[in-house]
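Asker: Take a look at this one; I'll ask things after.
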Amino acid sequence: MAEKIQVQMSMYDKLQILSDAAKYDVACTSSGVDRKGDGTGMGNCRASGLCHSFSADGRCICLLKILFTNECIYDCKYCINRSSNDVVRTSFTPEEVCTLTMEFYRRNYIEGLFLSSGILKSPNYTMELIYATLYRLRKVCNFQGYIHVKAIPGTDAELLGRVGFLADRMSVNLELPTAEGLRLLAPHKNRKNILAPMRLIQNRMVENKQEIVLYKNAPRFVPAGQSTQMIVGATPETDYQILNVAESLYQKFGLKRVFYSAFVAVNEDTALPARTGEGPPLLREHRLYQADWLLRYYRFEARELLDEEHPNFNIFLDPKCNWALKHLEQFPVEVNRADYNMLLRVPGIGVKSAQRIVKARKMGNLKFDDLKKMGVVLKRALYFLTCGGRMMYHTRLDEDYITRNLLNTKEKLPDSVSGMTYRQLSLFDDMNYTDSQTAQIL
Amino acid sequence: MKKVYICNDTITGIFSAIYDAWKESRDKEAGIELRGKLDTQLFCEYTEVVEEERKAAAVEKLIQKHLGYNTYWDIYHALLSEHPKKAEAVFHVMQTARTVGNSKKVMDHLSNPDVALVFELSRKAANEAHQFMEFIRFRELEHGILFSEITPKNRILTCIGDHFTDRFPLEDWMVYDKTHQEFLVHCAKHPWILVSGECLNREEAEKISKAEAEFERLWKGFFQSISIKERENPICQRTHLPIHFRQDMTEFC
Ligand code: SF4
């Protein structure tokens with residue numbers, strides 16, 4: 001019966017099913033590689049990436065994000081495609097994926113292809129199909145645009161190696177932050193199996209860098225690097241655990257990006273959090289991205305931002321303000337003397353403004369007015385800074401006092417989370433945001 | 001009496017005016033007005049500029065050599081705007097450059113109103129050009145030509161030519177700027193050219209290929225199904241993709 005449906009299904013229906021099933025993957029970026037077209041085919045890549053449209057949820061559409069198949073032999077509890085779900089199953093052929101990619105690309109709908117997949121028969125079997133697709137796209141269609149492909153854990157190293165030479169970015173989904181979470185919700189997967197291909201890709205990338213030094217024209221292995229994603233809010237991990245995992249992925253696996261995906265309930269299952277009608281935990285996701293940013297660009301370590309006693313981010317303050325308030329003994333900072341790393345830690349000073357300050361103060365002493373021109377957000381920074389020994393206003397270096405004032409200045413949340421209601425915020429009470437913590441702030 | 005040069009609103013026209021003004025009035029107060037956007041004042045001497053490629057080329061070289069490539073880039077982009085004072089502001093920036101220590105850094109003097117205007121116009125045009133690289137949609141016409149219509153505020157066609165030429169070297173494609181009635185035309189394996197003074201043959205432009213309607217339908221379907229219902233957020237969508245662009249985009253039509 002299922003076979004029959006598959007044969008008769010139109011391209012339109014297949015695309016509906018296989019994009020609908022792929023939409024929960026959060027990574028949609030075409031960045032990380034600069035490549036001009038060579039004049040013999042179609043496509044190029046830009047390091048900063050391009051976005052071609054924005055869907056109704058406000059997310060950027062830059063890649064044709066699809067599954068090769070939504071058939072799956074596994075039964076991950078959070079996934080719409082799990083084997084125990086009764087959903088219509090279908091698969092593309094390599095030719096169909098190539099046609100869609102090429103025709104969408106020609107019309108400037110997309111930057112390239114994001115190909116993920118359920119597991120048909122076995123990891124190797126599925127990955128061979130994906131390889132055949134990419135091979136055709138690159139070598140027969142001569143497509144030179146962006147390709148992001150998922151590596152399926154359990155695939156042979158040799159096969160992954162071949163795929164990596166055709167893709168720009170590869171990612172292996174971590175799925176859930178801890179091995180325990182994985183055991184609960186993805187009974188067919190395990191941590192070791194997921195980390196193995198990550199390590200393999202990392203090693204292959206390092207080798208490839210050396211090959212390129214020796215032979216300038218050596219083929220490139222995932223030139224835009226590898227990324228991963230994990231689901232936030234399906235299992236009871238704390239922000240502290242999640243951030244620690246992210247940190248070790250950056251340090252030990254050399255990942256380009258870690259993506260966080262607020263859990264969206266698609267299945268009813270006793271192992272999953274009950275559906276609340278509150279929607280996915282978008283603010284929590286946002287705080288994790290902010291903290292991730294601090295790890296990657298602000299030289300923070302996970303254990304500085306959170307600890308066992310305070311394992312979750314403050315819902316009212318961004319992680320950097322939160323850190324500063326807990327470390328008032330290090331403030332105020334003198335703008336004209338503080339070293340670069342310390343400047344980076346001041347709320348309201350970003351990477352660019354810190355760099356500008358370091359450059360500009362060589363020419364003479366800086367005043368508060370100058371800071372404004374350099375992009376410093378004074379309404380946050382003023383509590384933590386002195387210029388020539390003076391604070392901007394007569395402010396107190398006191399946690400409650402500053403907290404109150406910072407809360408009054410209203411953080412500008414991105415549109416993606418500011419649509420939330422108070423009811424949604426209260427969701428965090430269930431997630432270890434103890435009453436005392438909120439009580440403290442209000 | 002203050003001299004005012006009148007020219008056509010094209011790069012060649014404006015550069016020709018700057019050429020004349022630079023020759024005769026670089027040390028004096030002088031203005032440049034655009035034909036069709038004229039703002040006549042008393043006590044000015046108006047002269048019509050004779051437009052010449054030779055003059056334009058000389059000014060281009062002059063700016064690049066003395067003000068550097070980055071300044072040239074800003075000037076070029078500013079001149080793609082619709083602002084009536086853009087040409088005059090550029091001329092004044094060139095005059096200002098002679099008075100500052102390092103004329104290649106003239107664009108850093110943002111407290112000067114002419115510099116500020118050129119800077120702002122340039123940023124706006126460049127941003128718009130970038131947005132069109134992303135939001136342009138092509139449709140396939142009967143003979144396989146890819147055709148696109150856009151409604152830009154600035155004359156950005158020349159800014160996107162290289163991008164699409166590199167991207168689609170083997171395709172015949174054409175972008176029609178409805179606001180300024182100009183065409184960016186690319187024939188397979190050739191460099192792009194800018195065509196103005198031609199009219200669009202509406203009837204031909206509507207003759208889409210056999211496959212076209214189906215790919216549009218597929219794309220629209222994809223556009224719907226890729227959105228996560230639980231996260232829907234039209235405000236966020238509008239911030240990133242302003243309504244203005246949507247009139248020419250397949251997925252919104
Ligand atoms: S492996 Fe798990 S997450 Fe992936 S498609 Fe199958 S059921 Fe879904």
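Asker: What are the pairs, 6+ residues apart or on separate chains, where a residue within region B:202-226 that is more than 13 Å from chain A (Cβ to nearest Cβ) has its Cβ under 6 Å from a residue that is exposed (fewer than 14 other Cβ atoms within 10 Å of the Cβ) and of a type in the set (Asp, Glu)?
Answerer: Cβ pairs passing all conditions: B:LYS207/B:GLU142.
Asker: Restricting attention to region A:50-69, and to residues there that are within 16 Å of the ligand (Cβ to nearest atom) and more than 7 Å from chain B (Cβ to nearest Cβ), which single residue is farthest from the chain's Cα centre (by Cα)? Full working, then the answer.
Answerer: As a first pass, look at region A:50-69 and keep what is within 16 Å of the ligand (Cβ to nearest atom): A:65-69.
When the remaining residues are screened for being more than 7 Å from chain B (Cβ to nearest Cβ), the result is A:66-69.
Details: A:ILE66: 18, A:LEU67: 19, A:PHE68: 22, A:THR69: 23 Å.
Out of the qualifying residues, it is A:THR69.
Asker: Would you check if there is a residue in region A:29-49 being over 30 Å from B:GLU128 (Cβ atoms), within 16 Å of the ligand (Cβ to nearest atom) and in contact with a Pro (Cβ under 9 Å, 6 or more places away or on another chain)?
Answerer: Quick first cut of region A:29-49, residues over 30 Å from B:GLU128 (Cβ atoms) only: A:40.
Then drop every residue that is not within 16 Å of the ligand (Cβ to nearest atom), which leaves none.
Taking every residue of region A:29-49 in turn, none turns out to be over 30 Å from B:GLU128 (Cβ atoms), within 16 Å of the ligand (Cβ to nearest atom) and in contact with a Pro (Cβ under 9 Å, 6 or more places away or on another chain).
Asker: Further question on the same structure: Mind telling me which of the residues A:ARG169, A:ARG183, A:ARG162, A:ARG257 ends up being within 16 Å of the ligand (Cβ to nearest atom) and among the basic types (Lys, Arg)? Steps first, answer last, please.
Answerer: Details: A:ARG169 fails: within 16 Å of the ligand (Cβ to nearest atom); A:ARG162 fails: within 16 Å of the ligand (Cβ to nearest atom); A:ARG257 fails: within 16 Å of the ligand (Cβ to nearest atom).
Unique residue meeting the criteria: A:ARG183.
Asker: Oh, and also: When you go through (1) surrounded by fewer than 19 Cβ atoms within 10 Å (Cβ to Cβ); (2) modelled with pLDDT of 95 or more one by one for A:SER117, which number turns out not to apply?
Answerer: (1)
Asker: For region B:56-106, which positions are within 20 Å of B:ARG155 (Cα to Cα) and in a loop (DSSP other than H, G, I, E, B)?
Answerer: Residues satisfying the conditions are B:LEU79, B:LEU80, B:SER81, B:GLU82, B:HIS83, B:PRO84, B:LYS85.
Asker: Filter region A:70-83 down to the residues that are crowded, with 23+ Cβ neighbours inside 10 Å and either without any contact (Cβ under 8 Å) to a residue 24 or more places away in the chain or more than 9 Å from the ligand (Cβ to nearest atom) (or both) and list them by number.
Answerer: Those that are crowded, with 23+ Cβ neighbours inside 10 Å and either without any contact (Cβ under 8 Å) to a residue 24 or more places away in the chain or more than 9 Å from the ligand (Cβ to nearest atom) (or both): none in region A:70-83.
Asker: Take A:THR178 and tell me if it is more than 16 Å from the ligand (Cβ to nearest atom) and of a type in the set (S, T, N, Q).
Answerer: Details: more than 16 Å from the ligand (Cβ to nearest atom): yes; of a type in the set (S, T, N, Q): yes.
It is true that A:THR178 is more than 16 Å from the ligand (Cβ to nearest atom) and of a type in the set (S, T, N, Q).
Asker: Okay, moving on. Can you give me the number of residues within region A:84-124 that are more than 15 Å from the ligand (Cβ to nearest atom) and within 12 Å of chain B (Cβ to nearest Cβ)?
Answerer: Of all residues in region A:84-124, those more than 15 Å from the ligand (Cβ to nearest atom) come to A:93-113.
If we keep only those that are within 12 Å of chain B (Cβ to nearest Cβ) too, we end up with A:96, A:99-112.
The total comes to 15.
Asker: Among the listed residues B:THR10, B:THR40, identify the single one that is within 19 Å of B:ALA58 (Cα to Cα) and not hydrophobic (A, V, I, L, M, F, W, C). I'd like the intermediate steps shown before the answer.
Answerer: Numbers: B:THR40 fails: within 19 Å of B:ALA58 (Cα to Cα).
Only one candidate qualifies: B:THR10.
The values are calculated or read from the model by the stated rules, or taken from the named source; none is laboratory data. No experiment lies behind these values; they were computed from the predicted model shown. We place every Cβ from the backbone using ideal geometry, glycine too, and count neighbours over all the protein chains shown.
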